[in-house]
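Everything on this sheet refers to the single structure shown next.
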Amino acid sequence: MGRFMCWAVCVLAGASAEGATWFAGDFLAVGIGPRAVGMGSAVVATADGADAPYWNPAGLATGSARAVAVEHAERFAGVVTHDALSAAIPLQSGALGVVLFRGAVDGIIYADSTVLADPNAPLSANNLPDPDKVHTFSNADYLFHIAYGRTLWSAIRLGAGVKLIRRTIDRTGAFGYGLDLGAQWNPVPHVAVGLVMRDISTTRVSWDNGHTDVVYPSLHIGSAYTWTFPEGSGRLTLAAGSVFGPEKAGYGGFAPWRIGDAANPGVLGAEYAWRESIMIRVGSQDVRGLLGPGSSQITAGFGIRSALPWVPNLRRIGLDLSWMRHSLRDSFRLGAMVEL
């Protein structure tokens, strides 16, 4: 399975390098943060803290503490790895957020006829690749995202983010940039609504070989309702969302702009927090918009938060773990956060 996965990733990567746009933005859609992924990525309306620049830059305005988060994720039995570092910094007016992300398949073996023991003979049991001629390479994607969010009115928050992209496939590289805009609204207590227009500038990723990948704008909407239980010191949040974009949006092909069409990808999530210290999360997401049997990805997660009163200037720390079921292999994410 591991060899098949590496081969599949290489095929997709090669397609991207040739200028295809169907999957140009897939690496931007994997998400960051075990909390969000554990909730099925249904966090557009409730995103806050250090992960807000990615999910909804408007959510930066909800926090009053400086926050730093790190994450390590392994997908498909460790074939694909993701690492992220993010931070939120409150300002006198609004807040600033930064995300550094790397997703990669490392150690891919490159071999063609020139690395055979006898390059002039066909591949056979007696003519295998020479280990001294074979080399490995990485298919890596890097994202630097800087965002700003602020509260305009008591119930409305707006935000914007600029992302810089670097992609590499062996010795071939590409650069690109894009712009995201977001908003969050609390029309009444316990109700949250959010939307994000990703790649509103139409993100173009230009390769060294002259080809350009295009990620078209997509609209991400979400809502959430929160119940509080004072007797049990608990909080339950239910959230939902969907994505709308052109058929060649660059994230594997979203449905066309048809509001309410069942072909649009949907996400559902729930989080129960006990005394804001122990969190249990579940969710379901359908990143391809294939709402047929077996297409949904079930997610779950667990988190803990704790204050350390003996550590000066430290509000609290936290650990999060999430799991995602996938038809290829299950995926896990582990993260830690600090609020100052």
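The values are calculated or read from the model by the stated rules, or taken from the named source; none is laboratory data. Note that the structure is predicted; figures quoted are calculated from it, not measured. All Cβ positions, even for glycine, are placed from backbone atoms using ideal geometry, and neighbour counts span all protein chains on display.
For this structure, a couple of remarks:
- Hits in segment 308-322 - residues which are in contact with a strand residue (DSSP E or B) (Cβ under 8 Å, 6 or more places away or on another chain) and either crowded, with 19+ Cβ neighbours inside 10 Å or not hydrophobic (A, V, I, L, M, F, W, C) (or both): Arg315, Arg316, Gly318, Asp320, Ser322
- Members of segment 141-162 found to be over 17 Å from Gly49 (Cα atoms) and surrounded by 18 or more Cβ atoms within 10 Å (Cβ to Cβ), listed by number: Asp141, Leu143
- Residue within segment 274-288 that is farther than 21 Å from Thr46 by Cα, modelled with pLDDT under 95 and part of a loop (DSSP other than H, G, I, E, B) present: yes
- One residue stands out among those in segment 222-239 that are among the polar types (S, T, N, Q) and assigned to a strand (DSSP E or B): the one that is surrounded by the fewest Cβ atoms within 10 Å (Cβ to Cβ), which is Thr228.
- Hey, Arg305 more than 22 Å from the chain's Cα centre (by Cα), crowded, with 17+ Cβ neighbours inside 10 Å, among the charged types (D, E, K, R) and modelled with pLDDT of 85 or more or not: yes
- Residues in segment 149-173 that are touching a residue at least 40 places away in the same chain (Cβ under 8 Å) and part of a strand (DSSP E or B): 13 in all.
- Test for Phe137: is it among the aromatic types (Phe, Trp, Tyr) and modelled with pLDDT under 95: yes
- Only listed residue being touching an Asp or Glu at 6+ places or on another chain (Cβ under 9 Å), outside any strand (DSSP E or B) and at pLDDT below 85, chosen from Gly292, Gly252, Gly260: Gly252
- Evaluating His190 against the criteria (1) on the phi < 0 side of the Ramachandran plot; (2) surrounded by fewer than 17 Cβ atoms within 10 Å (Cβ to Cβ) leaves one unmet condition, (1).
- Failed criterion for Ala52 (all others in (1) under 27 Å from Glu339 (Cβ atoms); (2) modelled with pLDDT under 90 hold): (2)
- Residue satisfying all of: in segment 164-174; surrounded by 14 or more Cβ atoms within 10 Å (Cβ to Cβ) and not basic (Lys, Arg); modelled with the lowest pLDDT among these: Asp170
- Residues in segment 196-221 that are in contact with a helix residue (DSSP H, G or I) (Cβ under 9 Å, 6 or more places away or on another chain) and among the aliphatic types (A, V, I, L, M) were compared, and the one that is surrounded by the fewest Cβ atoms within 10 Å (Cβ to Cβ) is Val205.
- Flag if Gly78 is small (Gly, Ala, Ser), on the phi < 0 side of the Ramachandran plot and within 19 Å of the chain's Cα centre (by Cα): no
- As for segment 187-202, it holds at least one residue that is over 30 Å from Thr136 (Cα atoms), assigned to a strand (DSSP E or B), charged (D, E, K, R) and at pLDDT below 95.
- For segment 85-102, the count of residues that are buried (at least 16 other Cβ atoms within 10 Å of the Cβ), touching a residue at least 24 places away in the same chain (Cβ under 8 Å), touching a Gly at 6+ places or on another chain (Cβ under 8 Å) and not in a strand (DSSP E or B) is at least one.
- Scanning segment 300-335 for residues that are of a type in the set (Gly, Ala, Ser) and touching a residue at least 40 places away in the same chain (Cβ under 8 Å) yields Ala300, Gly301, Gly303, Ser322, Ser331, Gly335.
- Flag if Ser16 is surrounded by 20 or more Cβ atoms within 10 Å (Cβ to Cβ), at pLDDT 95 or above, over 28 Å from Pro187 (Cβ atoms) and not aliphatic (A, V, I, L, M): no
- With respect to being surrounded by fewer than 24 Cβ atoms within 10 Å (Cβ to Cβ), more than 23 Å from Arg157 (Cβ to Cβ) and either at pLDDT below 95 or out of contact with any Gly (no Cβ under 8 Å at 6 or more places or on another chain) (or both), Thr62 falls outside the description.
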